[in-house]
Amino acid sequence: MKKLFVFAMVIVLFCSCGIPKERVVTVSNVDISGQLNDYVKVVDATYKFTNDGKNAFITVKFELTTAPDGKLCRKKHPEEIRINAISEAGDVLDTDIYGFETSRTETAKLRDLLNSGKLGDTKSISFTWDYFGSESNKQIASRIFNEATSFEVIDGTFDRCSRLSESTTHWDDLEAVGSSPDTGDDWDQVLNEYEKYVDEYLKFYKKASDGDLSAVTEYMTMLERAESFSKKLSNAEGSMSASQMSRYLKITEKLYSLGDN
């Protein structure tokens, strides 16, 4: 499972890939493969694929339709729940194993829905795909943001404990976000710096969007700082506390919001 990374959105301003910023799809009776299909459904609704020029995103709402008979186990490898977009012609725009997938935090939301939810309860789960840097991925991204009309869900994580070997772990052994008391203060400091950077970036983004040429001189500095935060935050998942991870995601959501402007 890929780790969480800070999103260096400065790239968007200076690297246009000709891909629309969003694609709205209205779905019903979405196919779910794997064990997850026995317990949940995707709520019929309108959803939005978005991207920031580097990563693509979609948030999907799942509803609990059948309570599991006993707790489920998860596969250690691969540990993934992902989606593929589908075109109007019925083509599956397959992003393969490293496509739109859930973080451990998002997967844990489904765990809670399955093991603790009541029938009819829902959870909104976010999927992310890092497609930047690969021409083949950019081609698929272009098709998704120009042609997608639906999507499918692929569950490669859940299964009944009795069917899995010793290479599995009960969900009770998986924490949504790990804690690291020895580095807690360090993460708080990193998050303080990260939030300051994001606030500065938002001002930079507005200047660039308004055609302010002074933004050009700031570009390399902003990019270097983004790369620095990417390295610092590459180990965020599994080492921040739950409250720190929540704060990290809220700060990052400020960057997501730029795609809606």
Handout entry: Flag for ASP185 being at pLDDT below 75 and among the acidic types (Asp, Glu)
Key = yes
Exercise for the section: Answer with yes or no whether TYR197 is more than 16 Å from SER246 (Cα to Cα), modelled with pLDDT of 75 or more and touching a Leu at 6+ places or on another chain (Cβ under 7 Å). Expected result: no
Problem - Segments classed as strands (runs of 3 or more DSSP E), wholly inside region 57-167, with at least 1 members that are farther than 27 Å from LEU255 by Cβ, modelled with pLDDT of 90 or more and assigned by TED's automatic domain parsing to the domain that holds ILE19 - result: 81-87, 148-155
Exercise for the section: Please work out if VAL42 is modelled with pLDDT of 95 or more and crowded, with 19+ Cβ neighbours inside 10 Å. Expected result: yes
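The values are calculated or read from the model by the stated rules, or taken from the named source; none is laboratory data. Computed from a prediction, not measured in an experiment: that's the story for all the values here. A quick note on method: Cβ atoms are made from the backbone with ideal geometry, for glycine too, and the neighbour counts reach across all protein chains shown.
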